[in-house]
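The structure appears right after this line, and notes come after that.
Taken together, the values in this text are just the output of simple stated rules run on the coordinates, not laboratory data. From a predicted model like this one, the values you see are computed outputs, not experimental measurements. Reconstructed Cβ throughout: ideal geometry from the backbone, glycine too, with neighbour counts over all protein chains shown.
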Amino acid sequence: MTLPILLFFVFAGIAVGGALSLIFAREPIHSALALILVMVALAVLYLLMGAGFISAVQIIVYAGAIMVLFVFVIMLLNAGVENRTQHSIMARWLGIPLAVFLIGDLAYWMARGAHALPLAERSGSLAAGPVSTQDLSLHLFQSYLFPFEITSILILIAVLGAVVLARREP
């Protein structure tokens, strides 16, 4: 087994373990920290695929900025231990069959995709070579400047909404 394959299995296991910890954590801050672990493991997986820019963006934007925002909101709302209730009847009778259907559907499409043509043969409009980070940034900040700015405004509105919700009346 080569080193990249070994690292893939190690960090894929860390990502899955962090995702399970995210789901089953009782305190919201522990869930946020588990999500940071998943984001870092995904960044390493991107790095193993040769996507250094996406890996850096994963760390800077998601594990850095977005998760700091989540932790800030959790601390601001003073969220404590989650109250556990009995499972609802609808979740038991509807959720389990839907989960089985989802797993079966994913297995079908994964098996079907294994026999499909490679991506390069399916679409003839792929770029001939790798795109530089400079070309990507020019495209992002010229062609997609408006959606980029709208996203930053929406994040700002979310932070202001959290502050308003967490504010205590005197």
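A few comments on the model shown:
- Virtual spin-label span in nm between LEU48 and ALA166, 7 Å along Cα→Cβ: 3.6 nm
- Anisotropy class of the stretch 1-82 from Cα gyration tensor, a/c 1.5 cut: oblate
- When you restrict to C-alpha pairs under 8 Å that are six or more residues apart and normalise by the size of the stretch 1-82, the relative contact order lands at 32 percent.
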